[in-house]
Amino acid sequence: MAVETQATLDPLEHRAGEPVVRLEGVTRSYQMGEVLVRALRGVDLELRRDECTVLLGPSGSGKSTLMNVLGCLDLPTTGSVWFGGRDLARAAPAERTRFRREHVGFVFQFYNLLPSLTARENVQLVTDIAESPMTPEEALALVGLEARMDHFPAQLSGGEQQRVAIARAIAKRPTLLLCDEPTGSLDVATGRQVLAAIVRTQEELATSTVLITHNTAIAALADRVVHLADGAVRAIDVHAERRAPAEVSW
């Protein structure tokens, strides 16, 4: 039985344009006192290999809830989350944990680095437990920090700390990279550096990247822009061409 479970969660050899993760009819509701909050309302969505998808919407539109469902940090109330032929919404907790550990990288607005560890050591926390990781040096070089590997977080700028967090997320070579407001606390120039690191990672690793933001300017980086409002997908824009991070301003 264990062998069968392992096989169902291995990623498929997706051709360009084929979905890596697919949501079908996903809802998420929770109780706040006497109020039933409907955070997601019947979301259908496909994420494809080697594409950058921006989830765009105001606060309360369901962006972060959707990211939590995509990364199996939360379960949908109803609906399916398909990966490698397996509906993770109905999988055992151990299978969802393995999906997160082996296939998903998370980048958040706040860096969550351990202050007593160097950049290299913060990334090594992931490489020590991943199946076939990059070395910490490779991951940090990919985000342009090869000269700052042995610096502690307090010795790094905010943008450099965020790039360490990206290196930590990508070191496992994730199939899916989920970035929740990664430039939310950064100025424009620093934000561009962080976005450039994310785009370079997506292109070099053929990762399916999801970038969550309320900033409409960042949508220009995406292959597809998913507009969310009131927990539902209102529109999906497909870009024939993407702008470079250096061209984006807000």
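Mind checking which residues of the stretch 1-25 are over 18 Å from the mean Cα position of the chain (by Cα) and either modelled with pLDDT of 95 or more or more than 25 Å from PRO174 (Cβ to Cβ) (or both)? MET1, GLU24, GLY25, listed by residue number. Return the residues of the stretch 124-147 that are more than 18 Å from LEU211 (Cβ to Cβ) and either buried (at least 19 other Cβ atoms within 10 Å of the Cβ) or polar (S, T, N, Q) (or both); say none if nothing qualifies. Passing the criteria: GLN124, VAL126, THR127, SER132, MET134, THR135, PRO136, ALA139, LEU140, LEU145. Taken together, the criteria place ARG48 among residues that are under 21 Å from ALA206 (Cβ atoms) and either free of Cβ contacts under 8 Å to residues at least 24 places away in the same chain or of a type outside the set (Asp, Glu) (or both). Which condition number does GLU34 fail, the rest of (1) more than 18 Å from PRO174 (Cβ to Cβ); (2) surrounded by fewer than 22 Cβ atoms within 10 Å (Cβ to Cβ); (3) modelled with pLDDT of 95 or more being met? GLU34 satisfies every listed condition except (3).
If you check THR183 against the conditions, is it farther than 14 Å from GLN109 by Cα and buried (at least 18 other Cβ atoms within 10 Å of the Cβ)? Here the answer is no, as THR183 does not meet what is asked. Among the residues of the stretch 65-79, which ones are over 15 Å from the mean Cα position of the chain (by Cα) and crowded, with 16+ Cβ neighbours inside 10 Å? Scanning the stretch 65-79 gives LEU75, PRO76, GLY79. A count restricted to the stretch 107-123 and to residues that are within 21 Å of SER208 (Cα to Cα) and modelled with pLDDT of 95 or more stands at 1. The set of residues in the stretch 36-45 that are in contact (Cβ under 8 Å) with a residue 60 or more places away in the chain and either of a type in the set (Val, Ile, Thr) or under 16 Å from VAL210 (Cα atoms) (or both) comprises VAL43, ASP44, LEU45. Taken as a whole, the structure leaves VAL199 outside the set of residues that are touching a residue at least 60 places away in the same chain (Cβ under 8 Å), buried (at least 16 other Cβ atoms within 10 Å of the Cβ) and part of a strand (DSSP E or B).
Which one is nearest to LEU55 (Cα to Cα), of the residues in the stretch 186-233 that are over 17 Å from the mean Cα position of the chain (by Cα) and charged (D, E, K, R)? Filtering the stretch 186-233 for residues that are over 17 Å from the mean Cα position of the chain (by Cα) and charged (D, E, K, R), the one nearest to LEU55 (Cα to Cα) comes out as ASP230.
Screening the candidates ASP87, ASP74, ASP150 for the property of being in contact with a strand residue (DSSP E or B) (Cβ under 8 Å, 6 or more places away or on another chain) and in contact (Cβ under 8 Å) with a residue 12 or more places away in the chain yields one hit, ASP74.
The values are calculated or read from the model by the stated rules, or taken from the named source; none is laboratory data. Remember, predicted model here, so these are calculated numbers, not experimental data. Note that each Cβ is placed from the backbone with ideal geometry, even for glycine, and that neighbours are counted across all protein chains shown.
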